[in-house]
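Chemist: Can you read through this structure? Questions will come right after.
The values are calculated or read from the model by the stated rules, or taken from the named source; none is laboratory data. Source: prediction; values computed, not measured. Positions of Cβ are backbone-derived with ideal geometry, glycine not excepted, and every protein chain shown enters the neighbour counts. Note: areas computed on protein heavy atoms with side chains; ligands, DNA, RNA excluded. Shrake-Rupley method; radii C 1.70, N 1.55, O 1.52, S 1.80 Å.
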Amino acid sequence: MADTPGQDGKNSYSYAQAGVDIDAGNALVEAIKPHVKSTMRPGADGEIGGFGGLFDLKGAGFKDPVLVAANDGVGTKLKLAIDTNIHNTVGIDLVAMCVNDLVVQGAEPLFFLDYFATGKLATDVATDVVAGIAEGCRQAGAALIGGETAEMPGMYQDGDYDLAGFSVGAAERGTLLPSEALQEGDVLLGLASSGVHSNGFSLVRRLVADFGLAWDQPAPFASDKSLAEALLEPTKIYVKPILSAIRETGSVKALAHITGGGFTENIPRVLPDTLAAEIDLPSVPVLPVFSWLAGLGGIAEDEMLRTFNCGIGMIVAVDAESASAVTECLTNAGETVVRVGTIGPRDGEPVVYHGSLAL
């Protein structure tokens, strides 16, 4: 059968000629199926490829659940991954930014969906990204039950892609955090971060560019890695240790995920108007990467505290009598825990700093 000419008299048009490769999309689905299957958990045992992902709350063991939802991206850390062709870790960041926001409300992450958009689908790159997403889901105990891959020629430059993630968790009614029992004298515990996590990368990239540094040079703060590898260290996922502490001790009153805005902007999100967080800055275990960034850019301490996590990725509020038990539980789960402050009365700012960071 002869081709049917279009209005211009040439051969008929196809989606592939417009830049969209349906076969590549199908190949990606097949390539990621083992990664998706590795994330299955009670309540989720379906196959990807349908029009929607399914989850059975009763099968997950919940009796009277309240659902909690979160979505996020990776920020301009994604640009670093693209520029350096390192794609297997940003998926972990994507999951982390969502599930850490769920667990601070006392919710157990149940499932995750991703959105991957690009100009031209490179199956190997997308597979690496999804492999990272699956790893993040395994760390969080969440099932990867679906997602969307969008090939959009003309929307993205060659090699570029974007990511978004969506997660839903659940908690039994009446157990959500923060607790109304938060009070003066409560102790603030800090859980160590793994690095810059997924915030502040616009500033990081600006510093690297302005000072003429190369991504493949040895990291000044981690000589066994390249600068790119060290900065791409994935965001730590705190879900399982925190859920253990909540359930085993019953003493966790509030949690704050230290993301964009640092201590200054995130801790107040879980405080009532009458209380303030008093942070002992010398107790914060500043990671070498933050000392390097502060020194390189001459970044003031207050700017560091409202831009980066500075070495603490999660704050846990507990009553003073339970601080040791909660610390022990979190330590046994593999976390590095330090006492970083207390809760006091508010007389001005919601976060009060004492001393200085060890930058």
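Chemist: Looking at the stretch 125-148, which of its residues are crowded, with 19+ Cβ neighbours inside 10 Å and farther than 18 Å from ASP93 by Cβ?
Modeler: ALA143, ILE145, GLY146
Chemist: Consider the stretch 222-247. How many of its residues are open to solvent by 10 Å² or more (accessible area, probe 1.4 Å) and more than 15 Å from the chain's Cα centre (by Cα)?
Modeler: 12
Chemist: SER179 - would you say it is within 23 Å of VAL337 (Cβ to Cβ), in contact (Cβ under 8 Å) with a residue 60 or more places away in the chain and open to solvent by 20 Å² or more (accessible area, probe 1.4 Å)?
Modeler: yes
Chemist: A further question follows. Among (1) under 15 Å from THR307 (Cβ atoms); (2) open to solvent by 40 Å² or more (accessible area, probe 1.4 Å); (3) in contact with a helix residue (DSSP H, G or I) (Cβ under 8 Å, 6 or more places away or on another chain), where does SER202 come up short?
Modeler: Condition not satisfied by SER202: (3).
Chemist: Working carefully through the options ASN88, ASN11, find the one that is modelled with pLDDT of 85 or more and in a loop (DSSP other than H, G, I, E, B).
Modeler: Matching residue, one of ASN88, ASN11: ASN88.
Chemist: If you go through the stretch 149-171 one residue at a time, how many are among the charged types (D, E, K, R), open to solvent by 60 Å² or more (accessible area, probe 1.4 Å) and under 22 Å from GLY136 (Cβ atoms)?
Modeler: Residues in the stretch 149-171 being among the charged types (D, E, K, R), open to solvent by 60 Å² or more (accessible area, probe 1.4 Å) and under 22 Å from GLY136 (Cβ atoms): 1 in total.
Chemist: To continue, here is another question. Restricting to the stretch 109-122, and then to whatever is open to solvent by 30 Å² or more (accessible area, probe 1.4 Å) and out of contact with any Asp or Glu (no Cβ under 9 Å at 6 or more places or on another chain), can you tell me which residue is farthest from VAL68 (Cα to Cα)?
Modeler: Taking the candidates together, the pick is ALA122.
Chemist: May I ask you to verify whether THR336 is β-branched (Val, Ile, Thr), within 22 Å of MET97 (Cβ to Cβ) and under 24 Å from the mean Cα position of the chain (by Cα)?
Modeler: Spelling it out, THR336 is indeed β-branched (Val, Ile, Thr), within 22 Å of MET97 (Cβ to Cβ) and under 24 Å from the mean Cα position of the chain (by Cα).
Chemist: Another question about this same structure. Mind checking which residues of the stretch 98-108 are open to solvent by less than 20 Å² (accessible area, probe 1.4 Å) and either part of a strand (DSSP E or B) or closer than 10 Å to GLY169 by Cβ (or both)?
Modeler: Passing the criteria: CYS98, VAL99, LEU102, VAL103, GLY106, ALA107.
Chemist: Among (1) open to solvent by 10 Å² or more (accessible area, probe 1.4 Å); (2) in contact with a Lys or Arg (Cβ under 7 Å, 6 or more places away or on another chain), there is one condition ILE86 misses while meeting the rest; what is its number?
Modeler: Among (1) open to solvent by 10 Å² or more (accessible area, probe 1.4 Å); (2) in contact with a Lys or Arg (Cβ under 7 Å, 6 or more places away or on another chain), ILE86 violates only (2).
Chemist: I would also like to ask the following. Which residue pairs have Cβ atoms closer than 6 Å, lie 6 or more positions apart in sequence or on different chains, and pair a first residue in the stretch 117-133 that is touching a residue at least 24 places away in the same chain (Cβ under 8 Å) with a second residue that is open to solvent by less than 20 Å² (accessible area, probe 1.4 Å) and among the hydroxyl-bearing types (Ser, Thr, Tyr)?
Modeler: Cβ pairs passing all conditions: THR118/TYR161.
Chemist: OK, next. With aliphatic (A, V, I, L, M), outside any strand (DSSP E or B) and touching a Ser or Thr at 6+ places or on another chain (Cβ under 9 Å) as the only criterion, which of LEU94, LEU57 stands out?
Modeler: LEU94
Chemist: Here's a follow-up. Within the stretch 297-313, track down each residue that is open to solvent by less than 40 Å² (accessible area, probe 1.4 Å) and either not in a loop (DSSP other than H, G, I, E, B) or not aliphatic (A, V, I, L, M) (or both).
Modeler: Listed by number, the residues that qualify are GLY297, MET304, LEU305, THR307, PHE308, ASN309, CYS310, GLY311, ILE312, GLY313.
Chemist: What do you reckon, is VAL95 modelled with pLDDT of 95 or more, open to solvent by 10 Å² or more (accessible area, probe 1.4 Å) and of a type outside the set (D, E, K, R)?
Modeler: No.
Chemist: Something else now. If we scan the stretch 281-290, do we find a residue that is farther than 18 Å from LEU188 by Cα and of a type in the set (Ser, Thr, Tyr)?
Modeler: no
Chemist: Now a separate question. Inside the stretch 205-220, can you point out the residues that are over 13 Å from LYS77 (Cβ atoms), open to solvent by 10 Å² or more (accessible area, probe 1.4 Å) and either of a type outside the set (A, V, I, L, M, F, W, C) or touching a Ser or Thr at 6+ places or on another chain (Cβ under 7 Å) (or both)?
Modeler: ARG206, ASP210, GLY212, ASP216, GLN217, PRO218, PRO220
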